[in-house]
1. I'd like to verify a number: residues in the stretch 118-138 that are within 21 Å of Asp168 (Cα to Cα) and in contact (Cβ under 8 Å) with a residue 40 or more places away in the chain, how many?
2. Report yes if some residue within the stretch 149-163 is within 17 Å of Leu96 (Cβ to Cβ) and either charged (D, E, K, R) or without any contact (Cβ under 8 Å) to a residue 60 or more places away in the chain (or both); otherwise report no.
3. Do you know which residues across the stretch 83-97 are surrounded by 22 or more Cβ atoms within 10 Å (Cβ to Cβ) and out of contact with any Asp or Glu (no Cβ under 8 Å at 6 or more places or on another chain)?
4. Among the candidates Ala272, Ala248, Ala263, which residue alone is under 22 Å from Ala22 (Cα atoms) and modelled with pLDDT of 95 or more?
5. Quick one: Ala205 ticks every box in (1) within 16 Å of Ala136 (Cα to Cα); (2) under 21 Å from the mean Cα position of the chain (by Cα) except a single one, so which number is it?
6. Pairs only if they're at least six apart or on different chains, beta carbon under 7 angstrom, first in the stretch 246-275 and surrounded by 14 or more Cβ atoms within 10 Å (Cβ to Cβ), second among the aliphatic types (A, V, I, L, M) and modelled with pLDDT under 95; list them, first residue then second.
7. Test Ala62 against the stated conditions and say whether it is in contact with a strand residue (DSSP E or B) (Cβ under 6 Å, 6 or more places away or on another chain) and crowded, with 21+ Cβ neighbours inside 10 Å.
8. Taking the stated definitions as given, is Val186 within 22 Å of Val101 (Cα to Cα), surrounded by fewer than 22 Cβ atoms within 10 Å (Cβ to Cβ), β-branched (Val, Ile, Thr) and in contact with a strand residue (DSSP E or B) (Cβ under 6 Å, 6 or more places away or on another chain)?
Amino acid sequence: MIVVTGATGNVGRPLTQALAEAGAQVTAVSRHATAVPEGVRHVVADLAEPASLEPALAGAKALFLLLSGDLHAVGANPADVIGKAAAAGVRRVVLLSSQGVTTRPFGPTRIAMLALEDVLRESGLDWAVLRPGGFASNALWWAESVRTRQVVAAPFGDTGVPIVDPVDIAEVAAACLVEDRHTGGVYELTGPEVITPRQQAAAIAAALGSPVRFHELTREEAKAGMIRSMPAELADDTLDILGSPNPAELRVSPDVQRVLGRAPRSFADWAARNIAAFR
């Protein structure tokens with residue numbers, strides 16, 4: 001049995017699907033009831049309360065650990081999840097970490113994530129760590145404005161990073177969960193090329209078959225929108241990366257190719273598969 005946390009998200013959903021299609025027994029974990037692929041067991045649990053995971057972990061041999069906001073919840077101790085997994089007999093954990101633990105290691109959330117990586121390394125379990133950069137699916141922030149006004153509004157229009165398709169992250173995670181050769185692996189996951197917000201808007205327009213205008217926001221305008229859904233500190237942190245990526249954040253990693261034997265998907269591929277959100 002493989003347990004997938006964050007099973008309703010941009011990575012967890014395709015990971016659950018891929019494992020199920022490969023014939024694995026899968027338990028999908030999310031905070032709320034949701035539809036899952038046929039044959040997949042679903043358990044409602046909250047990672048901020050590790051004890052709630054115990055029913056999901058019973059009989060499991062591997063765990064995909066995606067913490068999202070749980071890492072930052074007041075009083076949360078994500079290391080307890082790893083302890084619960086080990087106590088339940090889980091032998092392998094694949095952790096979704098962040099590229100930022102090495103490219104910008106001094107922010108509070110990245111310090112906490114790197115500490116969690118260390119807990120996993122010292123746990124005695126088999127492990128692998130995935131460190132993706134920016135997600136192609138962040139372009140869904142623009143879906144409403146494209147649908148209603150045919151416009152993408154973003155800061156730093158001509159500054160790009162090699163964003164990664166979440167399905168590539170999911171497929172790498174699936175390989176790490178089932179293949180012994182990835183034990184002890186640390187994989188930095190990026191897309192195949194640096195792409196700017198202006199170029200992303202053009203790719204969305206091409207997939208739509210209709211024009212999409214790009215409107216460049218100031219940093220202040222962008223932050224005002226972002227703090228509606230995230231802490232101001234995290235908004236500033238994200239804008240620092242988007243506006244001034246360092247050389248490590250501009251690097252195209254070979255790790256998707258190394259694990260999957262093929263190049264990572266492009267943003268244009270992601271846009272074509274998800275174009276319904278923009279119509």
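The values are calculated or read from the model by the stated rules, or taken from the named source; none is laboratory data. As the structure is a prediction and not an experimental result, all values here were calculated from the model. Here Cβ is always computed from backbone atoms with ideal geometry, including for glycine, and neighbour counts include all displayed protein chains.
1. Qualifying residue count, the stretch 118-138: 11.
2. no
3. Hits for the stretch 83-97 are Ala85, Val90, Val94, Leu96.
4. Among Ala272, Ala248, Ala263, only Ala263 is under 22 Å from Ala22 (Cα atoms) and modelled with pLDDT of 95 or more.
5. (2)
6. From residues that are surrounded by 14 or more Cβ atoms within 10 Å (Cβ to Cβ), the pairs are Glu249/Ile241.
7. For Ala62, the condition - in contact with a strand residue (DSSP E or B) (Cβ under 6 Å, 6 or more places away or on another chain) and crowded, with 21+ Cβ neighbours inside 10 Å - is met.
8. Considered against the rule, which asks whether it is within 22 Å of Val101 (Cα to Cα), surrounded by fewer than 22 Cβ atoms within 10 Å (Cβ to Cβ), β-branched (Val, Ile, Thr) and in contact with a strand residue (DSSP E or B) (Cβ under 6 Å, 6 or more places away or on another chain), Val186 comes out as yes.
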